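Everything below concerns the one structure shown next.
The values are calculated or read from the model by the stated rules, or taken from the named source; none is laboratory data. The shown structure was predicted, so the numbers you read here are calculated from the model rather than taken from an experiment. The protein model used for the area step is the full one, side chains on, heavy atoms only, and it has no ligands, DNA or RNA in it. Shrake-Rupley method; radii C 1.70, N 1.55, O 1.52, S 1.80 Å.
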Amino acid sequence: MSGEIIRVSEIFGPTIQGEGALIGLPTVFVRTGGCDYRCSWCDSLHAVDSAFRDQWVPMSTEAIWQEVKKLSGDKPMTVSLSGGNPAIQPLGPLIALGHSRGYRFALETQGSVARDWFRDLDMLVLSPKPPSSGMSTDWEQVDDCLRLAAGGPEIALKIVVFDDPDYAFAQQAGQRYPHIPLFLQPGNHTPPPPDDDNARIDIDGVMDRMHWLIEKVTADRWFSVRVLPQLHVLLWGNKRGV
């Protein structure tokens, strides 16, 4: 068993995966603390901003596993590794331990950090951040993630879209990786402050963006992409732990 420590922001579930390739799938979430990005519209600042690092719990692989077992009733299911950026944490031993018990592991990352253990995942979702995030995507780093995952997990791309430049960015990603399933979702322009998960959310505005995005895709005859909402946002707004 690895003696490395993982910074954990929260572990919760079972709930459903709210977005992307596994939307609707019953899931336990292990949200790690820390990120190498700082997106302007981040909806999980409590797991990103170092000002909240005193709330992140240093946990061993075994301690995390015991919490996952408790939440799942020791019944194998999908575990989603999220963040922050979970790729900066030593998660390989947790994946190996869970696999030995019949669990499956999905991970979502922006593709800025590549790890050998990506190959051991069951699902890898790469979510490059569009211009509205204020961050810049290094496509060679994304390529490194794909190279290290080759021959292992199912792979999908997921891109948040707020406006026309974001949409153009998504088109660029689709052209660069034409054989990888691509999911688009409208961005939440009213993300919660880190200390208030009951913060107001503009559902009407999110749905307006969803309609706009569908109209863009269909007008462009872009028929290989999938447009999905953030289901958890529609169900629970900005509430955490669901």
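Stretch residue 180-residue 136 to full length: gain in nm at 0.36 nm per residue minus the Cα-Cα span?
Values: separation 44, 0.36 × 44 = 15.84 nm, distance 2.10 nm.
Gain in length upon complete extension: 13.7 nm.
Of the solvent-accessible surface of the chain, computed with a 1.4 Å probe and all protein chains present, 50% belongs to carbon and sulfur. Per residue, the accessible area of segment 96-242 comes to 48 Å², computed with a 1.4 Å probe over protein heavy atoms only. When a/c is below 1.5 the answer is rounded, else prolate if a/b is larger than b/c, else oblate, so apply that to segment 108-192 with a ≥ b ≥ c taken from the square roots of the Cα gyration tensor eigenvalues. Cα axes put segment 108-192 in the prolate bin. Can you give the angle from 0 to 90° between the axis of helix 203-219 and the longest principal axis of the chain, with both taken from C-alpha atoms, to the nearest 10? It works out to around 60 degrees.
Its DSSP H runs of at least 4 residues, each contributing -39,500 (n - 2.57), put the calculated 222 nm mean residue ellipticity of the chain at -8500 deg cm²/dmol, to the nearest 500. Multiplying the residue separation of residue 150 and residue 67 by 0.36 nm and removing their Cα-Cα distance gives an extension gain of 26.9 nm.
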